[in-house]
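Notes to accompany the following structure.
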Number of protein chains: 2
Amino acid sequence: MTYRVRADAASIEARAQAIAVEQSVEMPLAAIDDPSVLEDIVGQVEAIHDLGANTFAVRIGLAVATVGTDAGQLLNMLFGNTSLHEDVVLVDVDIPAPLRLAFGGPRHGIAGLRHRLALHGRAFTGSALKPQGLPVDRLGRLAEQFARGGLDIIKDDHGLADQHYSPFADRIRACAAGVARAARATGHPTRYVPSLTGNLDQLRTHAALAREEGLDCVMVAPMIAGFPAVQALVRGFPDIAFIAHPSLGGLRICPDLLIGKLFRLIGADAVIFPSHGGRFGYSQATCRSLASRAREVGDGLRPALPVPAGGMTVARTSEILDFYGPDTMLLIGGNLLLAQDRITDEAAAFARAVADHRFTRG
Amino acid sequence: MTYRVRADAASIEARAQAIAVEQSVEMPLAAIDDPSVLEDIVGQVEAIHDLGANTFAVRIGLAVATVGTDAGQLLNMLFGNTSLHEDVVLVDVDIPAPLRLAFGGPRHGIAGLRHRLALHGRAFTGSALKPQGLPVDRLGRLAEQFARGGLDIIKDDHGLADQHYSPFADRIRACAAGVARAARATGHPTRYVPSLTGNLDQLRTHAALAREEGLDCVMVAPMIAGFPAVQALVRGFPDIAFIAHPSLGGLRICPDLLIGKLFRLIGADAVIFPSHGGRFGYSQATCRSLASRAREVGDGLRPALPVPAGGMTVARTSEILDFYGPDTMLLIGGNLLLAQDRITDEAAAFARAVADHRFTRG
């Protein structure tokens, strides 16, 4: 894997070696007398590149045997203790094919999502049910309004959990019903996507409830639920498509790696991220890299759908589509909600803008 | 809660308001027509203090109703999307008493750990089983060597998971047996503390295996396992004492808050952290605050035991004890392992140094 390290030229070699030890045996090498540990387990500094301005790219090789197939242990070995050092950013990681296939990546990916939504040749549209605090019937009505505008995905705000003002079971029943009514009216198979929260037992209960309501897409935040929980959930519900939410993703792990690559690795079919030009600070280059990593092909895993979000507007549809291309879901929440009484019209305008878009590239 | 925000004086009010909205309703306020949401749910900027150098402390009040009693949702509401902003650090949070008692904090805490180890009037001693890659019998022997030196706690390295070279069930059997043999010889009830990993099912299986081996203390990394999983585990195994490992804790959440306060809140009886003066960069002030938050009394939760670690040495015993006081576990791993053939002697010297220490303060 590759780390970006702040250090001066005189100390970088020692710093790189210290990271290799920290992320593998975490003890003085002088105290290791087992030759197979020294040879096979201790991390190896493979390369150091000077990036200028007292910053270095350090490539370190770790033994696959230390990871096993637990997604939590993967994070632990990639960045566990080193995350506690403020001068180190985890930039990239090469996951060997056997490990990659063991994790399995998206079970449905872009093609599966397109199939579900009977959607070809254009980008996906999505919006979010907010604000939290609304009672269940208001959320259900809002979901129906969005869906009547012809959007593809109506997802819960990630703040909606299992609060007393909108308990999970009641909420998904109301929202699923609202979206189903709209879908019958429009003829478009809009999907309602509930946000699953809690521990693995609760996540499973939520996923099973969603399935009972006829839903086949859900959202989960891997950094909140924990990588091991998401991994187990994806394995346990192979018929369901998973959309990953980036909440609590602000580690010193490059966003294109964490969200584009690692969320996909553990099975996200679509990954939500804050796009450039909204209310978050990701650069265009980060967003481009994140989207292209999510959509990667040729590594034995399915491509995942990038979902730029975080302050997007209908007015920017064209620009966003030209930037990300058609294998994208545009997720616009607050900006549609501003239309209040005219939410369905605004959602329809959004859906039309995506449908009518002619790509200037790709 | 309190955030530290980098901004200029002209923009800080708008920035503070944006954080209050992001961490609550996450949408334009103009689009909210429900008065109870505006009144009860939208986050409120309560105070802004200029800390100088374009840095501000921003205090924001959130509705308890948005959190519920899920530890994952707690993190989501405290720092979910805002963690994606590089200019914001989560510094502190006031948890109202009902919520605090719902989470429950340490089930055993310092007093419970002292009782288990029949240990009064001095600090705790601990060491770690490393390097990973060693076979089970070597780890078992090492555990016995440490324990024969009279240490209190022998824990797994946090890199030990369920790898083929030391499967969990075999490892804990060997290490528990080694420590039990030593404890019969020394008369001191040394505890072997296995590191539990994986998803909630696996964590429970591991905890049950540990209990079958007669173990009553375990270690878990909340940022790897996920807060919801740790919360469920603590509830499910009320007889077991939990030691929290800080792996992947390098979010922009102040360490004294994350490790000292939040790990304790969800039930850690002892919290491991990288102490000042070792190989990590936490300052003395951070370490002092972290330890004092872990040991907090008067908030209805039990005090948790601070465990400074990360490159500690036997030579520093006195200094570390004077800094942290007796309600502390000193955790020395690599430095003891350097003694190789003389590990038991070195462990004994460490145990003696802690037992003989006369505190210069407190």
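Of the residues B:L265, B:L337, B:L305, B:L321, the single one that is modelled with pLDDT under 90, closer than 28 Å to B:A143 by Cα and either in the same structural domain as B:A241 (by TED's automatic domain parsing) or over 13 Å from the mean Cα position of the chain (by Cα) (or both) is B:L337.
The set of residues from the stretch B:188-241 being over 17 Å from the mean Cα position of the chain (by Cα), over 14 Å from B:A176 (Cα atoms) and polar (S, T, N, Q) comprises B:N199, B:Q202, B:T205. Of everything in the stretch B:37-83 that is farther than 29 Å from A:H206 by Cβ and in contact with a Phe, Trp or Tyr (Cβ under 7 Å, 6 or more places away or on another chain), the residue that is nearest to the other protein chains (Cβ to nearest Cβ) is B:V58.
Number of residues in the stretch A:242-260 that are more than 12 Å from chain B (Cβ to nearest Cβ) and buried (at least 24 other Cβ atoms within 10 Å of the Cβ) equals 4.
Does B:T205 count as of a type in the set (S, T, Y), touching a His at 6+ places or on another chain (Cβ under 8 Å), within 27 Å of A:L200 (Cα to Cα) and in the same structural domain as B:P326 (by TED's automatic domain parsing)?
no
Selection of the stretch A:315-327 for residues being assigned to a helix (DSSP H, G or I) and either surrounded by fewer than 20 Cβ atoms within 10 Å (Cβ to Cβ) or aromatic (F, W, Y) (or both) yields A:A315, A:R316, A:S318, A:E319, A:D322, A:F323, A:Y324. Residue-level check: of (1) buried (at least 24 other Cβ atoms within 10 Å of the Cβ); (2) touching a helix residue (DSSP H, G or I) at 6+ places or on another chain (Cβ under 8 Å); (3) within 27 Å of A:A268 (Cα to Cα); (4) not polar (S, T, N, Q), A:F79 misses just (2). Residues of the stretch B:290-310 that are under 16 Å from B:H276 (Cα atoms) and either crowded, with 19+ Cβ neighbours inside 10 Å or without any contact (Cβ under 8 Å) to a residue 12 or more places away in the chain (or both): B:L290, B:A291, B:P306, B:V307, B:P308, B:A309, B:G310. Taking the stretch B:179-287 and the helices (runs of 4 or more DSSP H) fully enclosed by it, the elements with 2 or more residues that are over 29 Å from A:P28 (Cβ atoms) and among the hydrophobic types (A, V, I, L, M, F, W, C) are at B:200-212, B:227-236.
When the stretch B:161-176 is limited to residues that are buried (at least 24 other Cβ atoms within 10 Å of the Cβ) and within 14 Å of B:Q202 (Cβ to Cβ), the one that is nearest to the other protein chains (Cβ to nearest Cβ) turns out to be B:A161.
Please go through the stretch A:263-286 and give me each residue that is over 20 Å from B:H85 (Cβ atoms) and either touching a Ser or Thr at 6+ places or on another chain (Cβ under 7 Å) or within 12 Å of chain B (Cβ to nearest Cβ) (or both), ordered by number. Result: A:I266, single match.
For the stretch B:139-149, the criterion of a residue being of a type in the set (A, V, I, L, M, F, W, C), within 14 Å of chain A (Cβ to nearest Cβ), buried (at least 17 other Cβ atoms within 10 Å of the Cβ) and under 20 Å from the mean Cα position of the chain (by Cα) is satisfied by no position.
Would you say A:F56 is touching a helix residue (DSSP H, G or I) at 6+ places or on another chain (Cβ under 8 Å), touching a residue at least 12 places away in the same chain (Cβ under 8 Å), of a type in the set (F, W, Y) and outside the structural domain of A:I253 (by TED's automatic domain parsing)? It is true that A:F56 is touching a helix residue (DSSP H, G or I) at 6+ places or on another chain (Cβ under 8 Å), touching a residue at least 12 places away in the same chain (Cβ under 8 Å), of a type in the set (F, W, Y) and outside the structural domain of A:I253 (by TED's automatic domain parsing).
The values are calculated or read from the model by the stated rules, or taken from the named source; none is laboratory data. Everything numeric here is computed off the predicted structure, so don't read it as measured data. With ideal geometry, Cβ positions are generated from the backbone for all residues, glycine too; neighbour counts draw on all protein chains shown.
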